[in-house]
Amino acid sequence: MIVLSQTILLYDKYLMYAVPYIGLNGVAMGVTPEQMKFISNIPVGWEPAMDGYANPATHGEATTAQMNFVYTADSSYFGKVCQQIKVNPSYTLSPMDYLVLNIHQDAKRRTTIPAPDQRIGIVCKSFSHLNNVYQVFDIANLTHAGKPKDVRGIIYKMLILKSDAPFPTLDQLITIGEVSTMIFDVPFTLDQLGMIAYIAVCFVNNAGESKYSEILASPII
């Protein structure tokens, strides 16, 4: 039985709806012709990479590396386009836009619920080729597997360095994104093999963020 990245599997489902949605609505959203062309061509590279990665007969180091490379390139590009749409003053996002494109909807600060104050920790739950699975926990409530009360998600920062590089500080790490579960995986690319991934996390809700965890160093194998 092969183990596949949940991050990549979810993104595969996301592209099924998001790519044609941009094709239908991109012009009104202010997406440029060049961006429209890139997004419309995403399935050309994604689908064969996904087929090779998900097929037990072909799954291996080479297909995993190719899938992670395609995921990194496509998700980075698509994410920037979605952020461009979000901040476009000439376009008002609809509820369907937020849903299909998975754009984070800014909420007004709720004064009745404060920002999270829980102490957060993180461990690397497992390693596989070009993929690390991380588990987040509330230090004060180690037996509780779910998110603490009033926590919306987890923001993670990361920096990937060569194994002989100095240990980074928190302000050197780059914010990658927000996840909604206490266990999540991060795919890496072949050029990052043998390097060290430094990661830190914090809890977040509509009122703000908790303090970040200590930085965790984990190898990329």
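The values are calculated or read from the model by the stated rules, or taken from the named source; none is laboratory data. The structure presented is a predicted model; accordingly, all values stated were derived computationally and were not measured. Here the Cβ is made from the backbone with ideal geometry for all residues, glycine too, and neighbour counts use every protein chain on show.
What to note about this one:
- Listing of helices (runs of 4 or more DSSP H) fully contained in the stretch 22-86 that carry 2 or more residues being surrounded by 12 or more Cβ atoms within 10 Å (Cβ to Cβ) and in contact (Cβ under 8 Å) with a residue 60 or more places away in the chain: 61-86
- Test: residue in the stretch 113-130 that is outside any loop (DSSP other than H, G, I, E, B), more than 19 Å from the chain's Cα centre (by Cα), closer than 22 Å to Y11 by Cα and in contact (Cβ under 8 Å) with a residue 40 or more places away in the chain: no
- Residue, surrounded by the most Cβ atoms within 10 Å (Cβ to Cβ), within the stretch 105-130, restricted to residues that are modelled with pLDDT of 90 or more and of a type in the set (D, E, K, R): R119
- Filtered residue count, the stretch 131-149, keeping only those that are surrounded by 15 or more Cβ atoms within 10 Å (Cβ to Cβ) and either under 18 Å from the mean Cα position of the chain (by Cα) or modelled with pLDDT under 90 (or both): 7
- Members of the stretch 204-220 that are at pLDDT below 95 and either out of contact with any strand residue (DSSP E or B) (no Cβ under 7 Å at 6 or more places or on another chain) or closer than 27 Å to S128 by Cβ (or both): N205, N206, A207, G208
- Qualifying residue in the stretch 171-193 (condition: farther than 27 Å from L4 by Cα, touching a strand residue (DSSP E or B) at 6+ places or on another chain (Cβ under 7 Å), free of Cβ contacts under 8 Å to residues at least 24 places away in the same chain and not aromatic (F, W, Y)): yes
- Enumeration of residues in the stretch 173-187 that are among the β-branched types (V, I, T) and closer than 27 Å to T143 by Cα: V179, T181, I183, V186
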